[in-house]
1. What are the pairs, 6+ residues apart or on separate chains, where a residue within the stretch 1-28 that is closer than 17 Å to Leu46 by Cβ has its Cβ under 7 Å from a residue that is surrounded by fewer than 16 Cβ atoms within 10 Å (Cβ to Cβ) and among the β-branched types (Val, Ile, Thr)?
2. Suppose the filter is small (Gly, Ala, Ser) and exposed (fewer than 12 other Cβ atoms within 10 Å of the Cβ); does Ala68 pass it?
3. What tally of residues in the stretch 82-96 results from selecting those that are at pLDDT below 95 and small (Gly, Ala, Ser)?
4. How about the stretch 1-53: which of its residues are among the hydroxyl-bearing types (Ser, Thr, Tyr) and part of a loop (DSSP other than H, G, I, E, B)?
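The values are calculated or read from the model by the stated rules, or taken from the named source; none is laboratory data. Nothing here was measured: the structure is a model prediction, and the numbers come from that model. Neighbour counts are summed over all protein chains in view; Cβ atoms, including those assigned to glycine, are modelled from backbone coordinates with ideal geometry.
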Amino acid sequence: MADLDALTTTHLDKARAAENGRSAEIVVHDGPLRQTILALVEGIELGEHNSPPAASVLVLHGRVRVTALDGNDEVRAGQLRVLTHERHAVSALEDSVFLLTTVTSIPKP
């Protein structure tokens, strides 16, 4: 069982100490399901990238901005945002930690 409070603290400390201002760890890997904890210090961005077949961001600490074709949303601690199937970026508006849930493939019947 993953302790999200402990992981938030650990990865926020690691991101603050890292030259690139980020830290990440896969905490669940079950078939196509992935849950990754990511920490970004204020001002760091995960540049525009493609979305997997399904994804969401649950902010555990801080605030992030999700920039996508369907608009720009500020997501705060305790908020969940579904990511569209279009390219998007995520930037930290303050030191932040979020849980990224993705489905990396959808089996064909």
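1. Correct list of pairs: Ala24/Thr36; Glu25/Thr36; Ile26/Thr36.
2. Working: small (Gly, Ala, Ser): yes; exposed (fewer than 12 other Cβ atoms within 10 Å of the Cβ): no.
It is false that Ala68 is small (Gly, Ala, Ser) and exposed (fewer than 12 other Cβ atoms within 10 Å of the Cβ).
3. Matching residues across the stretch 82-96 total 1.
4. Ser51 - this is the single residue of the stretch 1-53 that is among the hydroxyl-bearing types (Ser, Thr, Tyr) and part of a loop (DSSP other than H, G, I, E, B).
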